[in-house]
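Accompanying notes for the structure given below.
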Amino acid sequence: MAEAAARLLRSLATALLAGSSSALLLCALDRAGEWFAAHPALVFLLPAAGWLTQWLYRRSGAGGMAEVLADIADPQQRVNWKMAPAVLSGTLLTHLCGGSAGREGTAVQAGAACAARAGADLRIGIAAGFGSVFGTPWAGLLYACEISGLRTAAPALLAHCLLAACTADAVARAWGAQHTVYRIARWPGAEALLWAAAAGLLCGGAAWLFHLLTGLARRHLSVLTGGALVATALAATGAWQFAGLGVASIAAAFTTPAGPFDWLAKLALTAVTVGSGFRGGEATPLFFIGATLGSTLSGPLGLPADWLAGLGFVAVFAAATRTPLASTVLAVELFGPSAVPYALAACFSADRAAAIAQRLWRRAQPPSPR
């Protein structure tokens, strides 16, 4: 009984810390985005911001998401509380200087660091971080399970993850955290399920391309080179809508068809930003890629832009993170229960398409020299 009470207190402590961290992150990112919009010349400091971010990580000993997943698979207390300030600072530097990155990775890593500090299972911190930064606690629970392996989660752990996600979300909202509202006003009939699955295939292809370009950037670009490329591209084109989170462009995709190459521009800039070593995660850029891709398809297909934007929003994320179930629940929490059949079709179709594309790509590569 005493042990159960102690576990409950550790979960609640994790939720309090993670929810407060997410609220701080959301508020700080809003201010950073406003500052960059007012002073776009800050983009030329992006390479220096990347260098400083990596210096902060080295000083803190933080290893990022790979370290979190490694510690879940084989607990060795690799994750410590210093990861939270390091990833928060690095993310703010990225966005202050116009880097194309997200916030989910930051919230999840900070949540895991909070769990480590509180002595709780890291998956509880992941659920709390994801659930509070997007206001979607049920998706936070499933995200924590899917990225760490559903079969390794005991019922008691699931209960603690859900409690932490809901509590962290409540804490973040109590601190004044605001979440963007996306609405799908027009829902087609059941015959559109095939279109949902077909759109999912294209979204899976986009997710595979994103991982391909991110991997190339990780192998061939330093943070200084990557920052310089992103800064040059933004300054030369003046396409500032592709800097930072791009929430305004995501919202616009639900009302009017996006430009035919908006999704590709965001994909390339995010792949270079994240792949070269900047912090911030991928989720919101993936939402941008999916929403604008879906919105673009609405014209040729003659289907509602908001419906296809919503499906793309979750399907690209599902395929890129290999979390189709969490992404389906994310769609329900964001768009309502009417999303269930379409999100299931799109997310699982996208996940399979990305996996098949990756398998075919590997087979097409020449054998490594011995």
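The values are calculated or read from the model by the stated rules, or taken from the named source; none is laboratory data. The structure displayed is predicted, hence computed values, not measured ones. Methodologically, a virtual Cβ is constructed for each residue, glycine included, from the backbone with ideal geometry; neighbour enumeration extends over all protein chains shown. With ligands, DNA and RNA removed, areas are computed over all heavy atoms of the protein, side chains included. Shrake-Rupley method; radii C 1.70, N 1.55, O 1.52, S 1.80 Å.
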Distance (nanometres) between label positions extended 7 Å along Cα→Cβ at residue 247 and residue 31: 1.5 nm
Gain in span if fully extended, residue 154 to residue 359, counting 0.36 nm per residue against the direct Cα distance: 70.7 nm
Separation between Cα centres of the stretch 284-355 and the stretch 121-192, rounded to whole Å: 17 Å
Apportionment of accessible area to carbon and sulfur, the stretch 220-357, percent (1.4 Å): 70 percent
Label corresponding to Cα extents along the principal axes in Å when calculated from the structure given, among (1) 61, 55, 49; (2) 73, 49, 40; (3) 70, 50, 46: (1)
Pair residue 38, residue 220: separation of 7 Å Cα→Cβ label points (nm): 4.0 nm
Cβ-Cβ FRET estimate between residue 185 and residue 3, R0 fixed at 51 Å, reported to 0.05: 0.55
The chain, helix-only ellipticity at 222 nm - DSSP H runs n ≥ 4, -39,500 (n - 2.57), divided by all residues, nearest 500: -24500 deg cm²/dmol
Förster radius 30 Å - calculated FRET efficiency between residue 59 and residue 240, Cβ distance, rounded to 0.05: 0.40
Relative contact order (%) - the chain, alpha-carbon pairs under 8 angstrom, separation at least six: 21 percent
Share of Cα-Cα pairs in the stretch 119-198 lying beyond 19 Å, as whole percent: 48 percent
The stretch 224-370 - Rg (one decimal) and Dmax (whole number), Cα, Å: 16.4, 54
Rounded if a/c under 1.5, otherwise prolate or oblate - the stretch 135-267, Cα gyration tensor axes: prolate
All-pairs alpha carbon distance profile, the stretch 1-111, 5 Å steps from 0, percent: 2, 12, 18, 20, 19, 12, 8, 4, 3, 1, 1, 0
Accessible surface of the stretch 1-95, 1.4 Å probe, proportion on carbon and sulfur as whole %: 68 percent
Accessible surface, per residue, of the chain when the full set of protein chains is kept, probe 1.4 Å, Å²: 43 Å²
Distance (nanometres) between label positions extended 7 Å along Cα→Cβ at residue 301 and residue 232: 3.7 nm
